[in-house]
Amino acid sequence: MSFSIEILPAFNNNYAFVVSDHDLGLAMVVDPGDGEVVSRELKKRDLYPALILCTHHHPDHVGGNETLQQEYDVPVLGPAKEKALIPGISRGVEHKDVVTFSTLRGDVLETHGHTDGSVSYYFPQLKALFCGDTLFTLGCGRLIEGNSQQMWESLKLLKSLPDDTMIYCGHEYGELNAAFAVMVDKENVELRVRAAEITTLRKQGKLTVPTLLGTEKRCNPFLRADDPEFRKSLAKQRVAPEDADAAAVFGKLRSAKDRFGQKGL
Ligand code: ZN
Ligand code: FE
């Protein structure tokens, strides 16, 4: 059985994903914010969507559900907590639920913080994680509904996955995230290499998604709020006191990133 994962850009910087089973001509769609974009891809590749997965209720992730349902008889799964907010939803899923597509099994992971009900989908056979707006290339989602404690727990859960997991994030934020990461973690040599790689990729018009979890564990500042050396450095920079717990350090970093983003860099 051979599967492939297609990344579909939509709007300014969103990504939707199409996982296809070539033998059966079926597809699983993740976060179809723009239904037209996904529908075009399905037609081009002669695929029928068997399943739509949504990570959270924001329109740039669920806006295409009903467009696709007008054309195809396709169920939509999404976080049970956000059922009322997700158009076309057929079934709500919770932490540790299993979703299936063809011969694939995906684990539902509770990754609250960006929204109150956000979930991620982990497919061990594909070595792939679809995490919406929870984890980004060298960054993480904004705390729109949740708090720093929740988001830190979510990131810790994602950190527990194997290093060779490919992270399929919901947005192309690599370049701005890299600039912030390098600013707060100047001593991190691997991060500098990764940031340079990201600059090159973007210059060539290439994507910074997916990103490898192993690299993120070592380079993404938001995954390193519990790293003693990094925390010492953050204390020196007056980002967060050294005796603060990891969730609090994470929270301070997240606020610093919010301010950094506002500067327009
Ligand atoms: Zn969102
Ligand atoms: Fe989004």
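Please turn the phi angles of region 152-157 into ³J(HN,Hα) values with the Karplus equation 6.51 cos²θ - 1.76 cosθ + 1.60 (θ = phi - 60°), one per residue in order, whole Hz, x for glycine and proline.
4, 4, 5, 5, 4, 4
Given bins 5 angstrom wide, list per bin the percent of all Cα-Cα distances in the chain, short to long.
Calculated P(r), rounded to whole percents: 1, 6, 14, 17, 19, 16, 12, 8, 4, 2, 1, 0.
What residues have an amide H closer than 5 Å to that of Ala128, excluding those fewer than 5 places away on the same chain, when H is modeled at 1.01 Å from N in the peptide plane?
Amide H neighbours of Ala128: Phe123, Met166.
To the nearest 0.05, what FRET efficiency results for Ser90 and Leu201 with a Förster distance of 51 Å applied to their C-beta separation?
Details: r = 37 Å, r/R0 = 0.72.
Computed FRET efficiency for Ser90 and Leu201 comes out at 0.85.
What size of dipole, in debye to the nearest 20, comes out for region 175-260 about its Cα centre when the only charges are +1 on Lys and Arg C-beta atoms and -1 on Asp and Glu C-beta atoms?
340 debye
Mind listing which trypsin sites (Lys or Arg not before Pro) in region 17-91 are in a DSSP loop and have 15 or fewer other Cβ atoms within 10 Å?
Of the trypsin sites (Lys or Arg not before Pro), the ones in loops of region 17-91 whose Cβ has at most 15 other Cβ atoms within 10 Å are Arg45.
At 1.4 Å probe radius, can you tell me the per residue accessible area of region 3-169 in Å²?
That works out to 39 Å² per residue.
If amide hydrogens are placed 1.01 Å from N in the peptide plane, which non-local residues have theirs closer than 5 Å to the one on Thr111?
Counting only residues 5 or more places away or on other chains, the set is Val119, Ser120.
Please identify the trypsin sites (Lys or Arg not before Pro) of region 130-205 that satisfy two criteria: DSSP loop assignment and at most 14 other Cβ atoms within 10 Å. Which are they?
Lys186
Please give the direction-averaged projected area of the C-alpha convex hull for region 189-265, in square nanometres with one decimal.
5.8 nm²
Quick one: which of Lys127/Lys186; Lys81/Lys206; Lys96/Lys159; Lys232/Lys257; Lys83/Lys206 span more than 25 angstrom between C-alpha atoms?
Violating the 25 Å limit, Cα to Cα: Lys127/Lys186; Lys81/Lys206; Lys83/Lys206.
With the full set of protein chains in place, find how many percent of the accessible area of the chain is carbon and sulfur; take the probe as 1.4 Å.
Roughly 50 percent of what the probe reaches on the chain is carbon or sulfur.
Give me the percent of DSSP beta bridges within the chain that run antiparallel, rounded to the nearest 5.
Bridges in the chain that DSSP calls antiparallel: roughly 65 percent.
At most 14 other C-beta atoms within 10 Å and a DSSP loop state: those are the exposed GluC sites (Glu not before Pro) I care about. Give me the longest piece of the chain that has none. Write out the running numbers ahead of the final one.
Values: sites that count: Glu94, Glu187, Glu242.
It runs 1-93.
Residues with amide H under 5 Å of Phe136's amide H, sequence separation 5 or more or different chain, H placed in the peptide plane at 1.01 Å from N; which?
Gly141
Relative contact order for the chain using alpha-carbon pairs under 8 Å, separation at least 6, rounded to a whole percent?
12 percent
Among residues other than Ile5 whose Cβ falls under 14 Å from its Cβ, what is the net charge (Lys/Arg +1, Asp/Glu -1)?
Neighbour charge sum, excluding Ile5 itself: -2.
The values are calculated or read from the model by the stated rules, or taken from the named source; none is laboratory data. Bear in mind that the values here come from a model prediction, so they are computed numbers and not experimental data. Methodologically, a virtual Cβ is constructed for each residue, glycine included, from the backbone with ideal geometry; neighbour enumeration extends over all protein chains shown. In case anyone asks, the SASA skips ligands and DNA or RNA and just uses the protein heavy atoms, side chains included. Shrake-Rupley method; radii C 1.70, N 1.55, O 1.52, S 1.80 Å.
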